[in-house]
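The structure appears right after this line, and notes come after that.
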Amino acid sequence: MKGLVVAGTHSGSGKTTVSLALMAALKRRGFQVQAFKVGPDFIDPGHHTQITGRASHNLDGWMLPPIENIEVFNRYVSEAEVVVVEGVMGLYDGYDGLSEAGSTAQMAKWLGLPVLLVADARSMARSLAALALGFFRFDPDLKWVGLAANRVGSPRHTAYLAEAMTRVPELSFRGGLRREPDIGLPERHLGLVTADERTWDREAADRLADWIESGLDVAGLLADLPERPSPQPPACAPMAADPTDRVRIGVARDEAFCFYYQENLRRLEAAGAELVFFSPLRQPGLPAGLDGLYVGGGYPELFARELAGNYDLRRAVREFGLSGRPIYAECGGFMFLCRTIEDLEGRSWPMSGLLPVEIRMLDRLKSLGYRQVTFTVDTPLGPAGTVARGHEFHYSEIAALDPVHAVYRSADRTGEWREAGQGYMQGNVLASYTHLHFGACPELAPNFISACRKGGPRKSG
């Protein structure tokens, strides 16, 4: 197995496009490629998955302890030939200005992988060498495979950059990637357009591969990556052998609800769940025989008209929650369980109405950051006192709130208490703006399975 970490000098340097293009080029050459994403982002892993044909997974130095990150990594690389890990922010950017905690550099060292640094070289020539030298010397413990200059203007520009980089012989110059405005991915308020909305067909993937192959020697890069033995995947807890002991959990999955940590889904299955995916946008009702629901994040505000128009599905979700069976919802899923969503034009769209909350969209970021939550009461995910970690990122706010139980005590990564990020519970329905990673608290998935077994009577539909 060979692998590398694609890092940027800063956010916006183009590391996502370079990562995807490298995956596409390696895939086209016939390699089995496994992708990972450093940080809490949901969108990039979706694009990774479409390009490679293998589910991409998040690694995170704050939400997950080192051993958990390494176990996630080992679990999915055993059958891969090349591993591509896309970094987060700039290479050395983490939780503060003093430590490497939460940074791409920290993760690269945990995994023992070399770094390919992507630098935005617009309006730069000799200065690129000074930049490269600073990054190289900043942490002597990092392994390197080189630097790629992104957004170069011409072959002559690339030649100047290559000349400059001879002053930093310790860091191989891997090439210049031409400025191509149409090669990047479109963005919106929560980041890139999701893979559920933008399908990577063969032609689009080939265009990415052609772009990186035209400026970077992919074969040479691959040859210079050190070989390492494929690790043995960690042992998994056996699933329930008796099918009658398993529970059926409906998982909302379509363009409106597509933000899920893959580890959360795996852990639910390992704890005894049969996951049944359904589309709140298109299906007139819930799948038959469900014991619980999981409604992840996404963009319900962009599909508010369609969700409001699917009255039968909204009614089925409401009746399911009122029956006493557990529902767990995060961010966009939380919004869907509320009474209404008010869009930026001031129009109010009815949702499922399980929570006495009204949501209002904003044209600015409302909340962003890591969260550590402590349950203040017993919930479907665990008893009072349970501590879990996750991430919050949204452009909406609570516009109106009738009496409802706030069940999370939420703090940011510094330990400072925050009113944002509270969980709300009505009956056996638990929802919050915070996306929890079940790997941060291994009891969450088994607790939810147990709650589903104890929930109200299973109905036929």
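The values are calculated or read from the model by the stated rules, or taken from the named source; none is laboratory data. The shown structure was predicted, so the numbers you read here are calculated from the model rather than taken from an experiment. Positions of Cβ are backbone-derived with ideal geometry, glycine not excepted, and every protein chain shown enters the neighbour counts.
Just a few scattered comments:
- Number of residues in segment 125-153 that are in a loop (DSSP other than H, G, I, E, B) and touching a strand residue (DSSP E or B) at 6+ places or on another chain (Cβ under 8 Å): the value is 3.
- Of all residues in segment 18-44, those satisfying the criterion of being assigned to a helix (DSSP H, G or I) and either closer than 16 Å to Glu79 by Cα or modelled with pLDDT of 95 or more (or both) are Val18, Ser19, Leu20, Ala21, Leu22, Met23, Ala24, Ala25, Leu26, Lys27, Arg28.
- The one condition in (1) part of a loop (DSSP other than H, G, I, E, B); (2) loosely packed, with under 15 Cβ neighbours inside 10 Å; (3) within 24 Å of the chain's Cα centre (by Cα) that Leu368 fails to fulfil: (1)
- Just one of the numbered conditions (1) modelled with pLDDT of 95 or more; (2) among the hydroxyl-bearing types (Ser, Thr, Tyr); (3) touching a Lys or Arg at 6+ places or on another chain (Cβ under 9 Å) is not true of Thr379: (3).
- Boolean, Ser352 is in contact with a Phe, Trp or Tyr (Cβ under 8 Å, 6 or more places away or on another chain) and either over 26 Å from Phe320 (Cα atoms) or of a type in the set (Phe, Trp, Tyr) (or both): no
- Screening segment 51-89 for residues that are of a type in the set (Asp, Glu) and not in a loop (DSSP other than H, G, I, E, B) and picking the one that is farthest from Ala24 (Cα to Cα) gives Glu68.
- The set of residues in segment 382-437 being of a type in the set (A, V, I, L, M, F, W, C), farther than 21 Å from Leu365 by Cα and not in a loop (DSSP other than H, G, I, E, B) consists of Val387, Ala388, Ala406, Met425, Val429, Leu430.
- Residues located in segment 241-290, provided they are small (Gly, Ala, Ser), within 26 Å of His57 (Cβ to Cβ) and outside any strand (DSSP E or B): Ala256, Ala270, Ala271, Gly272, Ser279
- Residue selected from segment 317-356 under the condition among the aliphatic types (A, V, I, L, M) and touching a Ser or Thr at 6+ places or on another chain (Cβ under 9 Å), by the criterion nearest to Ile449 (Cα to Cα): Ala329
- Condition met for Gly90 (modelled with pLDDT under 95 and under 21 Å from the mean Cα position of the chain (by Cα)): no
- Residues (surrounded by 20 or more Cβ atoms within 10 Å (Cβ to Cβ), touching an Asp or Glu at 6+ places or on another chain (Cβ under 9 Å), of a type in the set (A, V, I, L, M) and not in a helix (DSSP H, G or I)) located in segment 302-346: Ile341
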